[in-house]
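The values are calculated or read from the model by the stated rules, or taken from the named source; none is laboratory data. Only a predicted model underlies this, so the values are computations on that prediction, with no experimental measurement involved. Neighbour counts run over all protein chains shown; Cβ positions are idealised from the backbone, glycine included.
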Amino acid sequence: MKIFLSLSLAAASLLAANLVDTAKEAGLKPIPNSKTELMKLIDNPKNHITDEKVELGKKLYFDPRLSKSGIISCNTCHNLNEGGDDGVSAAIGHNWTANPHNLNSPTVYNAVFFDAQFWDGRDPSLEKQAQGPIQAGPEMSATKEHVEKTVNSMPAYIAEFQKAYGKDVKVDFVKITDTIATFERTLVTPSAYDDYLNGDKNALNKTQKEGLKTFIDKGCVTCHNGVSLGHGMNAFNVHATYKYQNVGDFKGDANGMVKVPTLRNITQTAPYFHNGQIWDLKEAIAEMGRIQLGTKLSEKEVASIEAFFQALEGRKPTLTMPMLPASTLTTPKPDMN
């Protein structure tokens, strides 16, 4: 009996080791558990992450006064209290305007691991991306001048910029959005999945390990790979047409390519797909199998993959709500028009 148990445990250990190797060979990479190695992935060598920049960026991220109306912040559409998105099919912005292309807000959590931002991948970095929604009419609807005037109207903000960047800092639109991006670079959520790939063989339960194997065997890793579990741009509607393709007019970039969204915290980022038309995760998995893999996944396979997705629920950074500087007489007034 003891020999049998020993052989069983050895076989289970070998299977686990082989699964980790298989996952890595398939292009899956964990978030490093070493802070030094993580910083190599998330830091911007042109604007290094510091505690002062992160704290200031957090305040700006939560400050609705950067918007034209004075009531929309970055956190409105990328809510850090849950999945880092807004939980609606189409993003809602200035004057209760829905995104004109019916596009869903992607999560900001782990966005630092992408080399392309927005559904059409038009911006290469978080720094560049941070400039877009602030100026977009259906989103925050502000001008560069409004943002600069707002921040520069508050002495407390100026003092924090000087502390973060030096006394001679010019607090302009780019510096403001770069600082927001610096905060966003820290929004990383390591999970049990990462623990498993980093060597903790007990981090996933048996069902989740089987789900990871199904995920690999069925070819989901073709697009959902790398640290982000959604690396780069890829073709959409490869084998069939997404059943809600006609909701909105989004067709991808100039080549018809679409950014592959991260699967991290996928259980908290419904609704799914670029236009947010599917709310059931199982349905989303089955639809991806049909249109991208050209296969009809069985209920067992769908359930298996969903079980693996549970292991992607990450440990979010501990955040305290920032206390924002008081407005002054020169701070721009809210404009609802």
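Some notes on this structure:
- Among the residues making up the range 78-124, those that are hydroxyl-bearing (Ser, Thr, Tyr) and in contact (Cβ under 8 Å) with a residue 60 or more places away in the chain are SER89, THR107, TYR109.
- Residue pairs whose Cβ atoms lie under 6 Å apart, separated by 6 or more positions or on different chains, with the first residue in the range 163-174 and not assigned by TED's automatic domain parsing to the domain that holds VAL151 and part of a loop (DSSP other than H, G, I, E, B) and the second modelled with pLDDT under 95 and not acidic (Asp, Glu), do not occur.
- Residue within the range 43-61 that is aliphatic (A, V, I, L, M) and assigned to a strand (DSSP E or B) present: no
- ASP249 satisfies every condition listed in (1) touching a strand residue (DSSP E or B) at 6+ places or on another chain (Cβ under 7 Å); (2) in a loop (DSSP other than H, G, I, E, B) except (1).
- The test for being over 17 Å from the mean Cα position of the chain (by Cα) and either closer than 26 Å to THR222 by Cβ or assigned by TED's automatic domain parsing to the domain that holds PRO124 (or both) holds for VAL20.
- Complete set of residues in the range 139-150 that are buried (at least 17 other Cβ atoms within 10 Å of the Cβ), more than 22 Å from the chain's Cα centre (by Cα) and not hydroxyl-bearing (Ser, Thr, Tyr): ALA142, HIS146, VAL147, GLU148
The rows are residues; the columns are (1) in a loop (DSSP other than H, G, I, E, B); (2) touching a Ser or Thr at 6+ places or on another chain (Cβ under 8 Å); (3) buried (at least 17 other Cβ atoms within 10 Å of the Cβ).
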site	(1), (2), (3)
ASP120	yes, no, yes
GLY137	yes, yes, no
GLU160	no, no, yes
ASP194	no, no, yes
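- Residue in the range 217-233 that is of a type outside the set (Lys, Arg), in a helix (DSSP H, G or I) and surrounded by 19 or more Cβ atoms within 10 Å (Cβ to Cβ) present: yes
- Residues in the range 240-249 that are crowded, with 19+ Cβ neighbours inside 10 Å and either within 19 Å of THR107 (Cα to Cα) or of a type outside the set (Ser, Thr, Tyr) (or both): GLY248 only.
- Residue in the range 196-214 that is surrounded by the most Cβ atoms within 10 Å (Cβ to Cβ), counting only those that are out of contact with any Ser or Thr (no Cβ under 8 Å at 6 or more places or on another chain) and in a helix (DSSP H, G or I): LEU212
- Consider the range 30-55 and keep the residues that are closer than 27 Å to TYR157 by Cβ and among the basic types (Lys, Arg). The one that is surrounded by the most Cβ atoms within 10 Å (Cβ to Cβ) is LYS53.
- Complete set of residues in the range 162-177 that are at positive phi and either aromatic (Phe, Trp, Tyr) or buried (at least 19 other Cβ atoms within 10 Å of the Cβ) (or both): none
- The set of residues in the range 34-65 being within 14 Å of PHE161 (Cβ to Cβ) and of a type in the set (A, V, I, L, M, F, W, C) consists of VAL54, LEU56, LEU60.
One line per residue, one yes/no per condition, for (1) in contact with a Gly (Cβ under 7 Å, 6 or more places away or on another chain); (2) under 30 Å from LEU38 (Cβ atoms); (3) modelled with pLDDT under 95:
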| site | (1), (2), (3) |
| --- | --- |
| ASN198 | no, yes, no |
| LYS209 | no, yes, no |
| THR262 | yes, yes, no |
| GLN277 | no, no, no |
| THR295 | yes, no, no |
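- Taking the listed residues VAL260, VAL302, the one that is farther than 30 Å from ARG65 by Cα, surrounded by 13 or more Cβ atoms within 10 Å (Cβ to Cβ) and in contact with a strand residue (DSSP E or B) (Cβ under 8 Å, 6 or more places away or on another chain) is VAL260, with no other qualifying.
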